[in-house]
1. Output wanted: per-residue J couplings in Hz (rounded whole) for segment 7-18, from phi through Karplus 6.51 cos²θ - 1.76 cosθ + 1.60, θ = phi - 60°, x for Gly and Pro.
2. When P(r) over Cα pairs in 5 Å bins from 0, in percent is calculated directly from the model, which label among (1) 2, 11, 22, 25, 20, 12, 5, 1, 0; (2) 2, 11, 20, 23, 17, 11, 8, 5, 2, 1, 0; (3) 2, 14, 25, 28, 20, 9, 2, 0 fits?
3. Kindly provide the trypsin sites (Lys or Arg not before Pro) of segment 30-112 that DSSP labels as loop, not H, G, I, E or B, and whose Cβ sees at most 11 other Cβ atoms within 10 Å.
4. GNM, the chain, Cα, under 10 Å: largest mean-square fluctuation among 37, 87, 16?
5. Between segment 79-105 and segment 64-78, what is the C-alpha centre distance in whole Å?
6. Only Lys, Arg, Asp and Glu count, each charged at its Cβ (+1, +1, -1, -1), so figure out the dipole size of the chain about its Cα centre, rounded to 20 debye.
Amino acid sequence: MTTNCIKFTSTDIETAKGVGSISTLTFDLDITVEPVASTNPMAPTHRVLGRSPRGKLVECGGIWKKQNKETGADYYTLTIRDHGFNANLGKAANQDDLSLQAVIPWGPKDAA
C-alpha cells in the first residue's frame, strides 16, 4: 500500500474499519482505524490506533466528520495527537475506489 492513505472496508467511511500508513519526515506510522459508536455530536467517527515501540496497539488520534460551511458537503479530518499532525481525507489520486482515502496534511492556521 502507498503511504498517506487509508483503505476502508467499504465506501461507507463513517461505519467502516480501515488500515493505512502515514509517513512524514519526523514519523512513520502504520495505522488501524475503528468506528466509534457515540450519540455525542462532538465525538470522532473513528479511533486511530498505531503501534508502540514494543508492538502494542495504542490509540493515537481520531477521525471526525465535518461539513463544509460553503457547500454543505461532508468531509473527514484526521488528527495524530503526539505529533500534532492534522489532515483531511479525500479521494486518492488516480483512483476510482472511494474506499481508498488519501491523507492530505494541513498545518495549523497562522495567527494573524
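What follows draws every value from the coordinates through simple rules; no lab data is involved. All figures in this text were calculated on a predicted structure; none of them were measured in a lab. Note that each Cβ is placed from the backbone with ideal geometry, even for glycine, and that neighbours are counted across all protein chains shown.
1. 9, 8, 6, 7, 7, 7, 3, 4, 10, 8, 7, x
2. (1)
3. Hits after loop and neighbour filter: 54, 56, 69, 109.
4. 37
5. 13
6. Details: 12 positive and 12 negative charges, 58 e Å.
Here the size comes out at about 280 debye.
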